[in-house]
Amino acid sequence: MKRAAAAADADVVVIGAGAAGMMCAAVAGQRGRRVLLLEHARRVGEKIRISGGGRCNFTNLASGPQYYVGEDPGFAAGVLRGYTPRDFLRLLASHRLGWTEKHRGQLFCEQGSQAIVDMLRAECARGGVRWLHPCRVRELRRAAAGGFELDTDAATLRALRVVVATGGLPVAAIGATDWALRLARSLGLRVVAPAPALVPLRLPGDELQALHDLAGVALPVRIACGEQVFDEDLLFTHRGLSGPATLQISSYWQPGQALRIDLGAGREVGAMLAAAQRHSRQSLLNTLAQTLPRRLAQSWLQRHGLDPARRVAEVAAADLRRLAQGLANWAPQPQASEGWNKAEVMRGGVATAELDPRSLQCLRVPGLYFIGEAVDITGWLGGYNFQWAWASAQAAARAL
Ligand SMILES: Cc1cc2nc3c(=O)[nH]c(=O)nc-3n(C[C@H](O)[C@H](O)[C@H](O)COP(=O)(O)OP(=O)(O)OC[C@H]3O[C@@H](n4cnc5c(N)ncnc54)[C@H](O)[C@@H]3O)c2cc1C
């Protein structure tokens with residue numbers, strides 16, 4: 001039965017028991033606040049559990065706003081300095097959890113991602129956090145007497161402060177909603193248009209047809225969109241492009257833009273072909289396959305109308321230059337991203353200009369905080385999104 005509580009049910013209600021919400025609730029509770037943590041999905045911390053192939057790439061040794069996308073990535077600088085990857089490692093160590101470093105500073109949990117969820121739950125217990133789960137919030141409004149009222153499935157709650165940690169739109173099947181964005185708009189706050197990010201990209205039919213036998217081929221490339229450049233691995237799929245290179249650049253790509261891809265990954269393929277032309281007795285295909293995956297080499301020779309079996313020494317120098325330029329300047333124009341179900345993260349969100357950079361409190365709605373993925377700060381691939389979740393949660397919790 002619903003009731004309207006006369007006194008506040010909690011000092012702080014945190015909405016969303018994901019990475020940011022659990023961290024914020026735990027720290028606020030440990031600082032002596034009466035915290036109620038509310039989650040609508042059947043399982044809590046589900047994105048943590050499915051992340052990093054079940055091992056959770058929970059942070060990156062590199063930290064700083066340069067690894068983030070948004071209207072003003074510099075907003076994140078102070079928040080990230082306030083809680084660093086080393087701080088999170090200390091927390092792991094206090095729970096006797098180990099970690100391994102993989103590619104480029106990416107840290108994974110040795111005991112698996114569920115251990116991180118369990119750790120955050122234990123930290124919440126240490127802070128005396130009370131749970132309302134599963135429970136959906138329908139409406140939040142400012143109370144006449146100060147603080148907020150929340151209509152939920154369970155009751156109408158009163159809280160002095162509310163932290164919105166409901167994340168972004170990717171993967172609705174495990175609880176993702178646009179609730180934070182709807183709430184922000186209803187309060188007159190500006191929201192930067194959300195879009196899927198860290199997401200595979202689809203290629204148009206004619207391009208796909210030309211690439212149809214390349215699905216599964218992976219290679220290092222240099223990929224660019226606008227000013228942004230990444231040196232990462234590209235994967236061809238049945239629908240277009242994936243792999244770390246595509247996921248990274250997808251956060252910068254806008255519909256209608258072409259990508260710039262150097263399939264030689266910055267190597268001098270033209271010089272290599274010219275040298276082979278002078279000295280080698282090999283076929284064009286065998287020559288190119290020393291630098292590129294064989295299936296890709298075959299496909300690119302066909303694309304340029306060159307006979308793969310022809311000896312490289314017999315090919316005109318102009319044709320070799322054309323081939324090398326084609327490899328270095330492939331400019332496919334994706335037709336769309338693979339959408340919210342395949343995206344790892346949301347780009348856009350509550351505009352940082354609406355928030356205090358020290359506490360993530362709304363400048364125009366005192367007592368209301370937005371943290372984690374709901375905010376217009378989107379990390380690169382490699383643990384940066386969890387680091388933002390931990391750091392923004394800590395910043396808010398210290399201010400509550
Ligand atoms: C497949 C996949 C793999 C990923 N791997 C990594 C990785 O390895 N490293 C990395 O850094 N990042 C990774 N990410 C991104 C990372 O998971 C998110 O950026 C991070 O979880 C965001 O934390 P958050 O707390 O803001 O949101 P979430 O962790 O999404 O938590 C939001 C919570 O709010 C709940 N909620 C939503 N709406 C409501 C509502 N109305 N009422 C109550 N509760 C609500 C949701 O159910 C959820 O539990 C991955 C994402 C995906 C999808």
Exercise. Report whether or not L80 is more than 24 Å from S251 (Cα to Cα), within 15 Å of the ligand (Cβ to nearest atom), open to solvent by less than 60 Å² (accessible area, probe 1.4 Å) and touching a helix residue (DSSP H, G or I) at 6+ places or on another chain (Cβ under 6 Å).
Key: no
Practice problem: Would you be able to tell me the number of residues in segment 55-67 that are open to solvent by less than 30 Å² (accessible area, probe 1.4 Å) and closer than 24 Å to V117 by Cβ? | Solution: 5
Quiz item: How many of the residues making up segment 46-71 are near the ligand (Cβ under 10 Å from one of its atoms) and in a loop (DSSP other than H, G, I, E, B)?
Solution: 2
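Every residue, every condition in (1) away from the ligand (no atom under 16 Å from the Cβ); (2) on the phi > 0 side of the Ramachandran plot; (3) open to solvent by 10 Å² or more (accessible area, probe 1.4 Å), yes or no:
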| residue | (1), (2), (3) |
| --- | --- |
| A316 | yes, no, yes |
| V350 | no, no, no |
| L360 | no, yes, no |
| I371 | no, no, no |
Quiz item: Is it true that some residue in segment 101-117 is crowded, with 18+ Cβ neighbours inside 10 Å, under 28 Å from V162 (Cα atoms) and not hydrophobic (A, V, I, L, M, F, W, C)?
Solution: yes
Practice problem: Mind listing whichever residues of segment 114-147 are of a type in the set (D, E) and closer than 12 Å to V44 by Cα? | Solution: D118
Practice problem: Answer yes or no as to whether V27 is closer than 28 Å to L157 by Cβ and either out of contact with any Cys (no Cβ under 9 Å at 6 or more places or on another chain) or away from the ligand (no atom under 11 Å from the Cβ) (or both). | Solution: yes
Practice problem: Could you check, for segment 167-178, whether at least one of its residues is touching a Leu at 6+ places or on another chain (Cβ under 7 Å), of a type outside the set (V, I, T), open to solvent by 30 Å² or more (accessible area, probe 1.4 Å) and away from the ligand (no atom under 14 Å from the Cβ)? | Solution: no
Exercise. Please indicate, with yes or no, whether at least one residue in segment 12-24 is more than 9 Å from the ligand (Cβ to nearest atom), open to solvent by 20 Å² or more (accessible area, probe 1.4 Å) and in contact (Cβ under 8 Å) with a residue 60 or more places away in the chain.
Key: no
Exercise. For residues that are of a type in the set (K, R) and touching a strand residue (DSSP E or B) at 6+ places or on another chain (Cβ under 9 Å), tally how many sit in segment 21-68.
Key: 3
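The values are calculated or read from the model by the stated rules, or taken from the named source; none is laboratory data. All values derive from a computational prediction rather than experimental measurement. For neighbour counting, all protein chains shown are included, and Cβ atoms are generated from backbone atoms with ideal geometry for every residue, glycine included. Only protein heavy atoms, including side chains, enter the accessible area calculation; ligands, DNA and RNA are left aside. Shrake-Rupley method; radii C 1.70, N 1.55, O 1.52, S 1.80 Å.
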